[in-house]
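Every number in this text was worked out from the coordinates using simple rules, so none of it is lab data. Bear in mind the structure is a predicted one, so any value in this text is a computation, not a measurement. All Cβ positions, even for glycine, are placed from backbone atoms using ideal geometry, and neighbour counts span all protein chains on display.
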Ligand SMILES: [Zn+2]
């Protein structure tokens, strides 16, 4: 078991945070954005960036080649569906995607929208870490949190009716 401090300050003991969130044992702040039999999408609210989404598998796996046939189909469909919702609802022009297999949690993909202010931290992959740190350390004010919460709701609504 590992002790993890959640963004709301609460401390929980879990084997794997991704398992706890995707099974609903812990509710991600802002709630579920979209969920299927195989995947669960939510925002990591520690980073108050509108439309930043974590897409996690429900199964406790870590590597891409562990996805089964159904999960692979579901994954690509879901990612493109979420991407479309980001564009329709938030006007997001570009998204950065990344996931690391040596995670302490389990398989989850970050979908990080690109906003104009992020370019001061550089372009491409080297800017991701400073952008996220900046968001977490300097943007955690009430106004940004409210914008983020609104975006979570708006994306969830859009995705309810969206069949691609
Ligand atoms: Zn897990």
**Prompt:** Got the relative contact order for segment 22-84 handy, in percent, Cα pairs under 8 Å and 6 or more residues apart?
**Reply:** 26
**Paramagnetic label zone (point 7 Å from Cα along Cα-to-C-beta, residue 12; backbone N under 17 Å) in segment 43-60** = 43-47, 54-60
**Request:** Quick one: among 113, 130, 48, which has the greatest mean-square fluctuation in a GNM of the chain with alpha-carbon springs under 10 angstrom?
**Result:** 130
**Asked** According to a simple spin-label model (label point 7 Å from Cα along Cα-to-Cβ), what is the distance in nm between residue 64 and residue 138?
**Response** 3.3
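Take every Cα pair under 8 Å in segment 52-130 that's 6+ residues apart, average their separations, divide by the length, and report that relative contact order as a whole percent.
Numbers: 73 pairs, mean separation 31.3, N = 79.
The normalised contact order for segment 52-130 reaches 40 percent.
Which whole-number value in Å³ per residue fits the convex hull of the alpha carbons of the chain? Could you put the intermediate results ahead of the total?
Working: hull volume 19.0 nm³, N = 164.
Spelled out: Cα convex hull of the chain, divided by residues, is 116 Å³.
So what is the relative contact order of the chain, in percent, for Cα pairs below 8 Å that sit 6 or more residues apart?
Details: 236 pairs, mean separation 43.0, N = 164.
Relative contact order comes out at 26 percent.
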**Packing-based exposure ordering (other Cβ within 10 Å, fewest first) of 101, 35** = 101, 35
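Kindly put 63, 16 in sequence by how many other C-beta atoms sit within 10 Å of each C-beta, fewest to most. Don't skip to the end; give the middle numbers.
Working: 63 12, 16 18.
Exposure proxy ranking, most exposed first: 63, 16.
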**Request:** Calculate the length of the line joining the C-alpha centroid of segment 1-58 to that of segment 76-94, in whole Å.
**Result:** 20
**Asked** Taking only DSSP H segments of four or more residues, each worth -39500 (n - 2.57), what value at 222 nm results for the chain once the sum is divided by all its residues, to the nearest 500 deg cm²/dmol?
**Response** -11500 deg cm²/dmol
